Amino acid sequence: MDEDVQSSEIPADTSTGSSEEMRAELLDECEEQFGLLQKLQNEIILADPDCSDGESNEAMNRLNAISTELEQWQEMEPKLLSTNPEILLALGKEELQRLNSQLKMVLSCSQAKRDSLKDVLQREQKWLEEKKEVLRAVTERVATLREENEKLSEHSILQDMKRKITRVKDYHGNLIETLSDMLAEHFPLPNQQTVGSRKKRFAVSDSGENLISLSEILEQLTNKTLETPHEPYVIIDDTFWPPYVEMLLRNGIAVRHPEDCNKIRLENFH
């Protein structure tokens, strides 16, 4: 744009003399036209201002004529005061120089505005990058905290389940031990010696056979039911004391196999 503006510039020192002469000639023409306007104005002033009622129509006609002439002048395109090409060239050069100066000012303001906008854009981009970095760091931190929270939650749940299982196992062991003690006290084996440890489970009968206690019978039935629920029956052998087997059957704790009377299982209590 600077090149276009500079190319339109015309040196003033080469046309200073001719422009002065053209300016003087143009001023003479302007004075001539101004004199004509004054002459017309004087004619209007010297016109008779007194109008009788009989002349009202003539005044209206004159007014209409003046209005029509005014409209015609408004519709006409203005003509140049001078047709001298040298004068027009000088005026064109002056107008181009004035326009060139204005365009330079506009260009300077536009460049200053552009530089200011560039600075604002750079600051905004820097601010945007900083915010993106902060957002990235916060997102990573949130993801880390979520993972830690999930791990802690899983770990706490696992530890709680382990504590509950341990308590249940301890409670189950206490129940088994209490049941064994109660059965050993109230349902002893025949001819069993009561001396020694209460955890002694085997005793020798008068016939010399090894019999198992009622607690062991119940333990075998329970283990069989839990380990092989599809085949929960236990075979009755010589280690089962018949009175204990009959007691379990009569009290509805155990039932016989429908096809084999030497097999029993725990009753379904559910």
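The figures follow:
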{"quantity": "Selection status of Thr194, at pLDDT below 90, assigned to a loop (DSSP other than H, G, I, E, B) and among the hydroxyl-bearing types (Ser, Thr, Tyr)", "calculated": "yes"}
{"quantity": "Near pairs, Cβ below 7 angstrom, 6+ apart or cross-chain, from the stretch 79-99 (over 16 Å from Ala24 (Cβ atoms)) to any residue that is of a type outside the set (Phe, Trp, Tyr) and modelled with pLDDT under 75", "calculated": "Lys93/Ile10; Lys93/Ser15; Leu96/Ser8; Leu96/Ile10; Gln97/Glu9; Gln97/Ile10"}
{"quantity": "Looking only at the stretch 100-117, and only at residues there that are small (Gly, Ala, Ser) and within 48 Å of the chain's Cα centre (by Cα), the one that is nearest to Leu26 (Cα to Cα)", "calculated": "Ser108"}
{"quantity": "Lone qualifier among Glu69, Glu86 - being surrounded by 11 or more Cβ atoms within 10 Å (Cβ to Cβ), part of a helix (DSSP H, G or I), over 60 Å from the mean Cα position of the chain (by Cα) and at pLDDT 75 or above", "calculated": "Glu86"}
{"quantity": "Residues that are exposed (fewer than 10 other Cβ atoms within 10 Å of the Cβ) and either within 13 Å of Ile264 (Cβ to Cβ) or in contact (Cβ under 8 Å) with a residue 24 or more places away in the chain (or both), drawn from the stretch 226-237", "calculated": "Asp237"}
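The values are calculated or read from the model by the stated rules, or taken from the named source; none is laboratory data. All figures in this text were calculated on a predicted structure; none of them were measured in a lab. A quick note on method: Cβ atoms are made from the backbone with ideal geometry, for glycine too, and the neighbour counts reach across all protein chains shown.
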